[in-house]
Structures are given as structure tokens and as C-alpha cells.
Amino acid sequence: MSSSTGRPAPTPDEGGDHAPLGRRLVAIVVDWVACLLITHGLIGRVVELSPEAFSFAPLALLFLLNLAGTTLGGATFGHRLLGLRVVPMVGEWVTPLRAAVRAALLCLAIPAMIVISDDGRGLHDRAAGTRIVRASR
């Protein structure tokens with residue numbers, strides 16, 4: 001899951017400051033609320049879903065929005081709102097495979113909450129080879 005360029009992650013001078021845990025938590029809550037609003041406000045009114053499908057729709061949408069946002073723009077809606085971005089540890093951009101691994105583990109929630117070192121990266125970021133930094137201004 002490495003990028004072909006082999007460029008190291010951004011330094012603090014390049015906008016690579018460590019993102020605070022509080023900001024990262026607020027960003028995921030913003031993303032989750034957006035997924036709930038989209039599911040209940042749009043999808044629920046247009047498509048007839050069973051109760052089982054309706055309960056998993058926000059989670060599937062969270063996966064898709066994380067996959068697309070991280071791959072195409074380096075950030076989800078919540079990240080952008082709070083001035084954060086997802087960067088690879090090596091390479092210039094987050095590949096679709098890295099983004100899919102990160103999004104899938106994020107949807108499990110437990111890996112995202114487990115931080116095992118002082119760099120503040122959750123298991124989902126470790127597995128994907130990414131980290132969340134403050135966006136450069």
C-alpha cells in the first residue's frame with residue numbers, strides 16, 4: 001500500500017502539524033451527522049429501505065464519503081470544516097487502496113479509538129499508512 005513516489009510525509013513547515021485529538025473527534029462526528037442527515041433526509045424519502053438496510057445505510061455512506069473524500073481531496077467534509085487533512089506517511093497522495101483500508105477500519109470504530117503510541121495515530125491510520133494533520137493555510 002505504498003505510493004510510487006516515496007516522498008516522506010509533510011514536515012511541520014509543509015503543513016504537517018499533528019492534528020489534536022479533539023479536532024479529529026469533532027470531524028468524525030460532523031461526518032457521521034452528515035451521513036445520518038443524508039440517509040434520513042434524502043435517501044429515506046426517495047428509496048424504500050427495510051429497517052435492516054436503513055440501519056446500515058449511514059455506515060455505508062460514511063465508508064463511501066471517506067473513501068471518495070480521502071482519495072480525491074485528502075479530506076472528508078468534517079476534516080475540511082475543522083482544517084484537517086489526511087496525508088500518507090510515504091508518497092504524495094492517499095491511494096484508493098489506502099483510503100479503503102482506512103475507511104473500512106474507521107467504520108468499525110474500535111481501531112480508530114485505539115491509539116498505541118505518542119504520535120496519536122489510530123490503528124486505522126497505522127494500517128493504511130496515513131495520518132491526520134492540520135491543513136496548511
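The values are calculated or read from the model by the stated rules, or taken from the named source; none is laboratory data. What you see is a predicted model, and the numbers here were worked out from it, not measured in a lab. Here the Cβ is made from the backbone with ideal geometry for all residues, glycine too, and neighbour counts use every protein chain on show. Surface areas here come from the heavy atoms of the whole protein model, side chains and all, with no ligands, DNA or RNA. Shrake-Rupley method; radii C 1.70, N 1.55, O 1.52, S 1.80 Å.
Laid out as a table, the results:
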{"quantity": "Residue match in the range 112-127 (condition: at pLDDT below 85, in contact with a strand residue (DSSP E or B) (Cβ under 6 Å, 6 or more places away or on another chain), of a type outside the set (D, E, K, R) and assigned to a helix (DSSP H, G or I))", "calculated": "yes"}
{"quantity": "Whichever residue in the range 20-36 is open to solvent by 50 Å² or more (accessible area, probe 1.4 Å) and under 16 Å from Leu108 (Cα atoms) and, among such residues, is modelled with the lowest pLDDT", "calculated": "Leu25"}
{"quantity": "Answer residue from the range 85-100, given it is part of a helix (DSSP H, G or I) and surrounded by 20 or more Cβ atoms within 10 Å (Cβ to Cβ) and is nearest to the chain's Cα centre (by Cα) among those", "calculated": "Ala99"}
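For (1) within 26 Å of Asp125 (Cβ to Cβ); (2) outside any helix (DSSP H, G or I), each residue gets a yes or a no:
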| site | (1), (2) |
| --- | --- |
| Leu25 | yes, no |
| Val30 | yes, no |
| Val33 | yes, no |
| His40 | no, no |
| Ile43 | no, no |
| Glu48 | no, yes |
| Glu52 | no, no |
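Residue-wise test of (1) within 25 Å of His40 (Cβ to Cβ); (2) buried (at least 16 other Cβ atoms within 10 Å of the Cβ); (3) out of contact with any Phe, Trp or Tyr (no Cβ under 9 Å at 6 or more places or on another chain).
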site	(1), (2), (3)
Leu61	yes, yes, yes
Asn66	yes, yes, yes
Gly74	no, yes, no
Leu82	yes, yes, yes
Ala127	no, yes, yes
